[in-house]
Structure formats: C-alpha cells, structure tokens
Amino acid sequence: MNPAATSSPAPLLRVSQLGKSFGGVKAVDSVHFDLARGELLALIGPNGAGKSTTFNMVNGQLRADSGSIQLDGVELVGRKPREIWHMGVGRTFQIAETFASLTVIENVQMALLSQDDKLFSPWRRAAHYRRDEAMAVLEQVGMSAQAERSCNVLAYGDVKRVELAIAMANKPKLLLMDEPTAGMAPKERKELMALTKQLVLERGMSVLFTEHSMDVVFAYADRLIVLARGRLIAEGAPLEIRDHPKVQEVYFGSGKTFEKLHAEVAGEKV
C-alpha cells in the first residue's frame with residue numbers, strides 16, 4: 001500500500017515554533033499548531049496570553065522573531081499584510097472597520113477594487129464596479145436588502161456583517177476573525193457565528209478566530225488551542241478543552257469550572 005494514500009491531507013495553515021519578544025518579554029514562545037481545510041479553530045487564553053500577537057503575526061501586521069507560518073506550503077513570515085491578503089487571507093477586526101460614509105454595497109465594491117489593484121477616487125463613485133458580484137456577497141451574509149443604506153446608520157450587528165462581506169469579497173481560503181462577537185448582544189453573536197459556520201461549510205474555507213465569549217467558542221469551534229503566558233498549553237476538541245485541568249487552572253484557579261457553561265450551551269438546566 002502506498003503510504004501517501006493513507007496520509008491525512010496537508011493542513012492549510014501550519015505554524016511552527018513561532019516566537020515574538022518585546023524588550024525582554026517573550027509574548028509568544030515556540031507556539032505551534034495546524035489549521036485544517038474547512039476547520040473553524042478558536043485561539044483562546046486569558047488576557048496577556050499572546051493571542052493577539054500570534055494573530056497579528058499570521059496576518060503580517062507583526063513580524064515573527066523566529067519560527068514559520070506557512071499557508072499552503074508558502075512562507076508568510078516577512079510578507080506584508082496586503083500581500084498576504086492577495087494570497088487568500090481575509091480578516092475582520094475586534095472593532096468593525098468599514099467606510100462609514102459609503103453605502104453597504106460600496107464597501108464591498110471597495111474591496112473588489114482593491115482585489116483588482118484599482119485606485120479609488122472620492123470624486124468618482126464606483127457604483128457600477130462588479131456590482132452583481134458585490135450583491136452576491138451581500139446576499140450570502142444577509143445584507144442585500146440594505147445594500148443602498150449608508151453604513152453609518154446601521155445597527156452594530158449589521159456593520160459586523162458588512163465587515164464580513166468585505167472580507168469574503170476576496171474569496172479567502174483562510175479567514176482571520178479577531179474577537180468577531182465583541183460588543184454584540186447574545187442573539188447577534190449566535191447569528192454571526194452561525195453564518196460564519198455556514199460559510200465555512202459552503203466555501204470550504206478555514207477560519208482562525210480569537211474570542212473571549214466561551215459560549216461562542218464551545219458552540220461553534222471545531223477545535224480549540226489555548227495559550228497562557230505566550231505558550232501553547234492545550235489543544236483539542238471543545239469537550240477535551242473543557243475538562244483539561246491546566247486550562248481550568250489558567251482560567252479559574254481551583255474554583256469554578258467550564259461545567260456550568262457547557263451545560264448552558266447545551267441547553268441543560270443548571
């Protein structure tokens with residue numbers, strides 16, 4: 001039997017021995033993980049764990065001091081964020097970033113202009129630029145009915161959907177989501193993450209996201225990686241992480257556990 005025939009597919013993203021220091025402090029210390037194709041992977045940890053630093057190195061906003069970040073076998077370390085974006089990596093931010101004075105569809109058209117390396121002039125509207133394609137993206141995120149509304153009048157949950165549409169306009173194979181549900185009401189959080197899960201299934205893309213809301217993490221992540229003080233301390237399926245003693249200690253000390261939270265997510269009475 002050919003060994004290659006029984007081996008698992010190569011991961012979309014492979015992070016190896018990643019390191020970053022600020023002064024004498026190691027913010028990220030030898031972090032390593034893989035992200036499979038079509039996987040929704042949560043990166044969690046307490047404040048100061050190194051999540052944002054790791055996230056920003058994958059995106060190219062910070063350059064790693066050591067280690068490797070490979071997307072489909074291509075090294076990302078040393079590349080600029082725009083170059084990484086053109087390689088098929090989309091991103092959303094903790095505080096949604098849109099052009100507030102433009103309409104919903106114009107925001108998506110701006111992303112399409114950037115994708116094609118076209119210049120945008122404030123004196124020349126891009127109203128007809130790849131409009132059908134922009135509308136199709138808005139349809140996917142449930143915002144087509146609000147295409148002509150200005151972003152500055154939208155509810156925050158809808159602004160988050162517009163930001164997701166902007167990221168999706170580039171047809172990413174990897175989507176990075178930094179605290180995607182920050183500032184959202186519980187119902188909006190569930191709707192946004194359910195939409196993200198649907199897009200993962202429909203497009204076969206992979207998602208790496210950071211999140212503080214454990215209800216979101218346990219309900220929607222396929223797998224979790226946990227950082228503490230810059231180091232990887234655990235990785236696995238949600239139930240494995242829930243019961244992991246080191247994770248319990250990092251988050252709650254010797255008191256509370258994830259048991260109650262997991263029961264609430266599962267809809268059980270506690």
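Nothing in this text is a laboratory measurement; each read-out follows from the coordinates by a stated rule. In this text, all values refer to a predicted model and were calculated from it rather than measured experimentally. For neighbour counting, all protein chains shown are included, and Cβ atoms are generated from backbone atoms with ideal geometry for every residue, glycine included.
For the stretch 62-116, the orientation-averaged shadow of the C-alpha convex hull comes to 5.0 nm² (one quarter of the hull surface). Listed values for the stretch 244-251 are Karplus-derived 3J(HN,Hα) couplings in whole Hz (6.51 cos²θ - 1.76 cosθ + 1.60, θ = phi - 60°), namely 6, x, 5, 5, 4, 5, 5, 7, and x replaces Gly and Pro.
Based on the Cβ-Cβ distance from Val74 to Val25, what FRET efficiency comes out when R0 is 35 Å, to the nearest 0.05? Intermediate results must be reported in sequence, preceding the final value.
Values: r = 30 Å, r/R0 = 0.86.
The value I calculate is 0.70.
Counting only other residues whose beta carbon sits under 14 Å from that of Val28, what net charge do I get with K and R as +1, D and E as -1?
Working: positive: Lys20, Lys26, Lys51, Arg63, Arg229, Arg231; negative: Asp29, Asp65.
In short, +4.
Of the peptides 75-81, 206-212, the ranking by mean beta-carbon count within 10 Å, highest at the top, reads 206-212, 75-81. Computed extension gain for Tyr156 through Arg14, at 0.36 nm per residue and net of the alpha carbon distance, reaches 47.8 nm. The length gained by stretching the chain between Gln198 and His212 to full extension, at 0.36 nm per residue less their Cα-Cα distance, is 2.9 nm. Proximity of backbone amide H atoms, modeled 1.01 Å from N, is registered between Leu175 and Gly90, Ser206, Val207, Leu208 at under 5 Å, excluding neighbours fewer than 5 places apart on the same chain. For the pair Ile233 and Phe93 in one chain, pulling the backbone fully straight at 0.36 nm per residue adds 47.9 nm over the alpha carbon distance. Measuring against 18 Å, Cα to Cα, the residue pairs Lys20/Lys51; Lys160/Lys197; Lys197/Lys246; Lys80/Lys160; Lys173/Lys197; Lys171/Lys197 contain Lys197/Lys246; Lys80/Lys160 as the ones spanning a longer distance.
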